[in-house]
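First comes the structure, then the notes that go with it.
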Amino acid sequence: MPDFSDLLFTRTWWIYQPHEDWYSEPYHWFNIVEGIAWLVFALLVLRRYLIYRNSRLETAYALAFVLFGLSDFREAYVVQSWLMLGKGAVLAAILWLRWILISRYYPESRTF
């Protein structure tokens, strides 16, 4: 059982070491760019909230995007089990909040 808990919570799967292998640089920079993209989505959601003020859930939605973006910045340097579990939880929150907000307040929108 200790091996399973290590696998699930504490294992480090990858550490960024430039020029060590062919995928470290692209993986690192992809995560940096992806983190920036998630922060842009957070700003767009926050902007929409400030314009329409339909629900405070939009601030939680924006915060979820920020957390996902920050996790990508962390992932750019190290991939650990707890990080992937956290990213999965945040992604589930993003999808759930999106479903609630789009269906209640923006049924005509399909973007964010």
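Coordinate-derived values only; no laboratory data. Quick caveat, the model's predicted, so the values are computed rather than measured. Note that we place each Cβ from the backbone using ideal geometry, even for glycine, and neighbour counts take in every protein chain shown.
What the table shows:
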item: Extension reserve of the Leu7-Ser55 stretch, reckoned as 0.36 nm per residue once the Cα distance is removed; result: 13.4 nm
item: Mean projected area (nm²) of the alpha-carbon convex hull when the chain is viewed from all directions; result: 8.3 nm²
item: Dipole-positive endmost among Val78, Leu46, Leu7 within the chain (Cβ charges, Cα centre); result: Leu46
item: Efficiency of FRET between Leu95 and Ile32 - r from beta-carbon atoms, R0 25 angstrom, step 0.05; result: 0.60
item: Stretch gain in nm, segment Leu43-Tyr77, where the contour uses 0.36 nm per residue and the Cα spacing is subtracted; result: 9.8 nm
item: Charge dipole (debye, nearest 20) of the chain; +1 at Cβ of Lys and Arg, -1 at Cβ of Asp and Glu; result: 860 debye
